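Peer 1: I'd like to ask you about the structure that follows.
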Amino acid sequence: MLTRHYLANAIRALSMDSVQNANSGHPGAPMGMADIAEVLWNDFLQHDPANPDWLNRDRFVLSNGHASVMLYSLLHLSGYALTIKDLQQFRQLDSLTPGHPEYGHTPGIDTTTGPLGQGLANAVGMAIAERTLASQFNRPGYPVIDHYTYVFMGDGCLMEGISHEACSLAGTLKLGKLIAFYDDNGISIDGKVQGWFTDDTAKRFESYGWHVQDNIDGHDPEALISAIHSARESDKPSLICCKTIIGKGSPNKQGSAGCHGSPLGDEEIRQARESIDWPHPPFSIPEEVYSAWDAKEAGNHRFMTWSRLMAGYTHEYPELSYELQRRSQGKLPEHFPQSIRGYINRLQQDGTDIASRQASLDTLETMAPMLPELLGGSADLAASNLTCWSNANVITGESPGGNYLNYGVREFAMSAIMNGISLHGGYIPYGGTFLVFMDYARNAVRLTALMEQRVIFVYTHDSIGLGEDGPTHQPVEQLTTLRATPNLDTWRPCDAVETAVSWKTSIERHNGPTALVLSRQKLPLQQRELAMLPNIERGGYILSDCDGEAELILIATGSEVALAMEAKSMMPDRKVRVISMPCTSAFDRQEKQYRDYVLPPKAAKTAIEALHPDFWHKYVGTDGCIIGVDRFGKSAPGGALMKHFGFSPEGVVERIRQHFGW
């Protein structure tokens, strides 16, 4: 008879063999958490290897993503499309088993993890999405959304500050279907954590409002089974603190940092095989072990049971069923493109001079009733970001069925939670903060782009023009950072029309996130023919042209577009073209013929933007002129600051004439 420990030893063997074969990786956590993984995956996890994207599956998040080889071993053993050859290619070029789990790359991976703590925050987002979606769609007798989110995490996840941000909010929201397992082994890369991590983790999470079980033996299956049952019965998020031995089974390295992030070595692996009574060669799993781990039949039964439930639900509630499937597939309502285009056309004809943050709110007021999948929020700045539309329904611990989250002052957690909401499916999340505070959330934004998630980051107070709050709040380098992030579209619109267009493209984009960079100050509505409006979506277009070949091209974004238009009017002796370029990445994707038409290679060019200048060399060339801000700002009224830094029509014209010798 196969014991649970023997089944767990299959994880240990595959993990140490894969790491040794790659001569790279982290065997310690996989070997230490193998017993926890065996109990969870074989007794509790609702999943189907043949349908890894099943909407009602339990989500499994490996927040300590360096333990990826454990997850790959679990996927292989339970029957996912991951072969033993894939494990033998661990950490190799283009393999399905990269060094850290990558969403969309390997079947069965629910999120990309590695930067510690973010997986835990993703899980909070997944649990929010599950709870809110269930509240909106479940009906008596039809719990079509009913699953758990499980998280594995280690000391590093808890030391990272994002864990506090995310778990504090999770407790407040009473996310009862979120269950986290803390791998309490007392070891991190630098050794025993008692020298730098002495928090009382149990009390910490109790103070958040979590259900906490402390000192659970992470190598005792019966204790783990009992703890999971208890967690599932709670209406609070649960933390199971599991006492484990890192590298368990390695006779000379277990319990030490020596097995954390390095291969064990051939001799140590030989001794480990004897220690865990695993006499099989590397990458060899007995058929009876495969049979005991195989989840395909049980997974198919779970999936088919749910499919029958969905069939009944569709019969009883056809409109709800259609809406659930539409949203889970990421499809937009059929009427949305035409409706939003009509709104944009009306804005061009009847719009007024307003701040782009206000234009953003006005667009939300129009879009939100059309898009029930919109799930908004702000990091305690809704009144400044203008992210909360008039009929938004705030999600709370007692009322989960809304469409707006008050994230509190938690920019990092907000961004990572939005990633989890998007990954879960059913929602298009967006959240707001000041542009300068993007730095708090930078790594989560990076992972959004890496995972190609449809998440919308709303960043207001976009330049020194915000004024009196001073250099601590005035962004300089942040826009360059956003634009340098692969797969992230960053829009800085110049008026209400471009703001609405940027929202439209953000909503319609399926393969990546968007950052909307918005002003505090009013921006004048630019005059355009309606036929010009589609060109805005190209990211850069001719806003104002001249007769004949242009001598000078002015490129501007946001509040500086109006400035460029004024500067043009002050140079009647020159043939000047003005380009509005709200989204450089969208412009870069256009065909070369269009790009060369908008920006003729031989024309003199000047870029005007009240942020860091270095980015613009790629458009103006080494001989071009860039009018930007390469130092920190000052505290003063916005208008005075803009003039002080040279952003006045007279200042711009003077800089241009000096640069080109005119």
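Peer 1: Since Arg631 meets every condition but one in (1) part of a helix (DSSP H, G or I); (2) of a type in the set (Lys, Arg); (3) in contact (Cβ under 8 Å) with a residue 12 or more places away in the chain, which condition does it not meet?
Peer 2: (1)
Peer 1: Scan the stretch 384-409 residue by residue and report those that are over 20 Å from His164 (Cβ atoms), open to solvent by less than 30 Å² (accessible area, probe 1.4 Å), not hydroxyl-bearing (Ser, Thr, Tyr) and not in a loop (DSSP other than H, G, I, E, B).
Peer 2: Residue satisfying the conditions is Asn385 alone.
Peer 1: Taking the residues in the stretch 332-370 that are under 19 Å from Ala562 (Cβ atoms) and of a type in the set (Ser, Thr, Tyr) as candidates, determine which candidate is surrounded by the most Cβ atoms within 10 Å (Cβ to Cβ).
Peer 2: Ser356
Peer 1: Consider only pairs whose beta carbons are under 6 Å apart and that are at least six residues apart or on different chains; among these, list those whose first residue lies in the stretch 583-600 and is under 23 Å from Val517 (Cβ atoms) and whose second residue is basic (Lys, Arg).
Peer 2: Thr584/Arg483; Gln590/Arg538
Peer 1: Follow-up. Give the residue, chosen from Asp48, Asp58, that is open to solvent by less than 20 Å² (accessible area, probe 1.4 Å), in contact with a His (Cβ under 7 Å, 6 or more places away or on another chain) and among the charged types (D, E, K, R).
Peer 2: The unique qualifying residue is Asp58.
Peer 1: Of Ala67, Ala10, which residue is of a type in the set (A, V, I, L, M, F, W, C), under 25 Å from the mean Cα position of the chain (by Cα) and more than 30 Å from Pro143 (Cβ to Cβ)? Explain how you work it out, then say what you get.
Peer 2: Details: Ala10 fails: under 25 Å from the mean Cα position of the chain (by Cα).
Only one candidate passes the filter, namely Ala67.
Peer 1: Can you give me the number of residues within the stretch 371-383 that are buried (at least 19 other Cβ atoms within 10 Å of the Cβ) and free of Cβ contacts under 8 Å to residues at least 12 places away in the same chain?
Peer 2: Final tally of qualifying residues: 0.
Peer 1: If you check Val652 against the conditions, is it open to solvent by less than 40 Å² (accessible area, probe 1.4 Å), in a helix (DSSP H, G or I), at pLDDT 95 or above and in contact with a helix residue (DSSP H, G or I) (Cβ under 7 Å, 6 or more places away or on another chain)?
Peer 2: yes
Peer 1: Now, a different point. Would you mind finding the one in Asp17, Asp35 that is under 19 Å from Pro281 (Cβ atoms), open to solvent by less than 50 Å² (accessible area, probe 1.4 Å) and either β-branched (Val, Ile, Thr) or in a helix (DSSP H, G or I) (or both)?
Peer 2: None of the other options fit; the residue is Asp17.
Peer 1: Something else: Based on this model, can you work out whether Leu75 counts as part of a helix (DSSP H, G or I), of a type outside the set (S, T, N, Q), closer than 30 Å to Asn23 by Cβ and out of contact with any helix residue (DSSP H, G or I) (no Cβ under 8 Å at 6 or more places or on another chain)?
Peer 2: Values: part of a helix (DSSP H, G or I): yes; of a type outside the set (S, T, N, Q): yes; closer than 30 Å to Asn23 by Cβ: yes; out of contact with any helix residue (DSSP H, G or I) (no Cβ under 8 Å at 6 or more places or on another chain): yes.
Here the answer is yes, as Leu75 does meet what is asked.
Peer 1: Within the stretch 357-376, how many residues turn out to be out of contact with any Ser or Thr (no Cβ under 7 Å at 6 or more places or on another chain) and within 26 Å of Arg326 (Cα to Cα)?
Peer 2: 12
Peer 1: Here's something else I'd like to know. Give the residue, chosen from Val620, Val653, that is under 33 Å from the mean Cα position of the chain (by Cα) and β-branched (Val, Ile, Thr). Spell out the reasoning first.
Peer 2: Working: Val653 fails: under 33 Å from the mean Cα position of the chain (by Cα).
Result: Val620 is the single residue among Val620, Val653 that is under 33 Å from the mean Cα position of the chain (by Cα) and β-branched (Val, Ile, Thr).
Peer 1: Okay, next question. Given the criterion in contact with a Phe, Trp or Tyr (Cβ under 8 Å, 6 or more places away or on another chain), under 30 Å from Thr149 (Cβ atoms) and either surrounded by 24 or more Cβ atoms within 10 Å (Cβ to Cβ) or of a type in the set (A, V, I, L, M) (or both), identify the matching residue among Leu423, Leu479, Leu435.
Peer 2: It is Leu423.
Peer 1: Another one. If you check every pair at least six apart or on different chains, which have Cβ atoms under 9 Å apart with a residue in the stretch 469-489 that is at positive phi first and a residue that is of a type in the set (D, E, K, R) and open to solvent by 10 Å² or more (accessible area, probe 1.4 Å) second?
Peer 2: Taking only residues 6 or more apart or on different chains, the pairs are Gly470/Lys634; Asn487/Glu452.
Peer 1: Here's another thing I want to ask about it. Output the residue which, of all residues in the stretch 530-549 that are more than 19 Å from Lys504 (Cα to Cα) and charged (D, E, K, R), is most open to solvent (accessible area, probe 1.4 Å). Steps first, answer last, please.
Peer 2: Keep residues of the stretch 530-549 that are more than 19 Å from Lys504 (Cα to Cα), which gives 542-549.
Those still in the list that are charged (D, E, K, R) too: 545, 547, 549.
Values: Asp545: 66, Asp547: 131, Glu549: 154 Å².
Result: Glu549.
Peer 1: Can you list the helices (runs of 4 or more DSSP H) found entirely within the stretch 146-265 that contain at least 2 residues being crowded, with 24+ Cβ neighbours inside 10 Å?
Peer 2: Filter on the stretch 146-265 gives 155-159, 162-172, 221-233.
Peer 1: Let me ask another. Take the residues in the stretch 176-229 that are of a type in the set (Phe, Trp, Tyr) and under 17 Å from Thr244 (Cα atoms), then tell me which one is farthest from the chain's Cα centre (by Cα).
Peer 2: Of all residues in the stretch 176-229, those of a type in the set (Phe, Trp, Tyr) come to 181-182, 196-197, 205, 208, 210.
If we keep only those that are under 17 Å from Thr244 (Cα atoms) too, we end up with 181-182, 197.
Working: Phe181: 22, Tyr182: 23, Phe197: 28 Å.
Out of the qualifying residues, it is Phe197.
Peer 1: Please work out if Val455 is open to solvent by less than 10 Å² (accessible area, probe 1.4 Å) and without any contact (Cβ under 8 Å) to a residue 60 or more places away in the chain.
Peer 2: Yes, satisfied.
Peer 1: Could you grab me the full set of residues in the stretch 322-340 that are assigned to a helix (DSSP H, G or I) and touching a residue at least 24 places away in the same chain (Cβ under 8 Å)?
Peer 2: Glu323, Leu324, Arg327, Ser328, Phe336, Pro337, Ser339, Ile340
Peer 1: Please indicate, with yes or no, whether at least one residue in the stretch 282-292 is under 30 Å from His147 (Cβ atoms), in contact (Cβ under 8 Å) with a residue 60 or more places away in the chain, open to solvent by 40 Å² or more (accessible area, probe 1.4 Å) and in contact with a helix residue (DSSP H, G or I) (Cβ under 9 Å, 6 or more places away or on another chain).
Peer 2: yes
Peer 1: What is the residue count in the stretch 124-170 for residues that are under 21 Å from Ser234 (Cα atoms) and either at pLDDT below 95 or touching an Asp or Glu at 6+ places or on another chain (Cβ under 9 Å) (or both)?
Peer 2: Final tally of qualifying residues: 12.
Peer 1: Moving on to the next point. Go through the stretch 568-588 and give me each residue that's farther than 26 Å from Leu482 by Cβ and not hydroxyl-bearing (Ser, Thr, Tyr). Let's see the steps before the verdict.
Peer 2: In the first step, residues of the stretch 568-588 are kept if they are farther than 26 Å from Leu482 by Cβ; the result is 568-577.
Selection gives Lys568, Met570, Met571, Pro572, Asp573, Arg574, Lys575, Val576, Arg577.
Peer 1: Next question, about the same structure. Of all residues in the stretch 519-529, which are open to solvent by 60 Å² or more (accessible area, probe 1.4 Å) and under 30 Å from the mean Cα position of the chain (by Cα)?
Peer 2: Answer for the stretch 519-529, where residues must be open to solvent by 60 Å² or more (accessible area, probe 1.4 Å) and under 30 Å from the mean Cα position of the chain (by Cα): just Arg520.
Peer 1: Being open to solvent by 10 Å² or more (accessible area, probe 1.4 Å) and over 28 Å from Tyr440 (Cβ atoms) narrows it down to one of Tyr103, Tyr72, Tyr6, so name that one.
Peer 2: Tyr6 is the lone residue from the list that is open to solvent by 10 Å² or more (accessible area, probe 1.4 Å) and over 28 Å from Tyr440 (Cβ atoms).
The rows are residues; the columns are (1) of a type in the set (D, E, K, R); (2) in contact with a Gly (Cβ under 8 Å, 6 or more places away or on another chain); (3) not in a helix (DSSP H, G or I).
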{"residue": "Tyr80", "(1), (2), (3)": "no, yes, yes"}
{"residue": "Pro101", "(1), (2), (3)": "no, yes, yes"}
{"residue": "Asp110", "(1), (2), (3)": "yes, no, yes"}
{"residue": "Asn122", "(1), (2), (3)": "no, yes, no"}
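Peer 1: For the stretch 467-476, give me each residue that is buried (at least 23 other Cβ atoms within 10 Å of the Cβ) and in contact with a Gly (Cβ under 6 Å, 6 or more places away or on another chain).
Peer 2: The answer is Gln474, and nothing else.
The values are calculated or read from the model by the stated rules, or taken from the named source; none is laboratory data. Model, not experiment: these values are computed from the prediction. Quick reminder, even Gly has a Cβ in these numbers, built from the backbone with ideal geometry, and neighbours come from all protein chains shown. Ligands, DNA and RNA are excluded from the accessible area calculation, which covers all protein heavy atoms including side chains. Shrake-Rupley method; radii C 1.70, N 1.55, O 1.52, S 1.80 Å.
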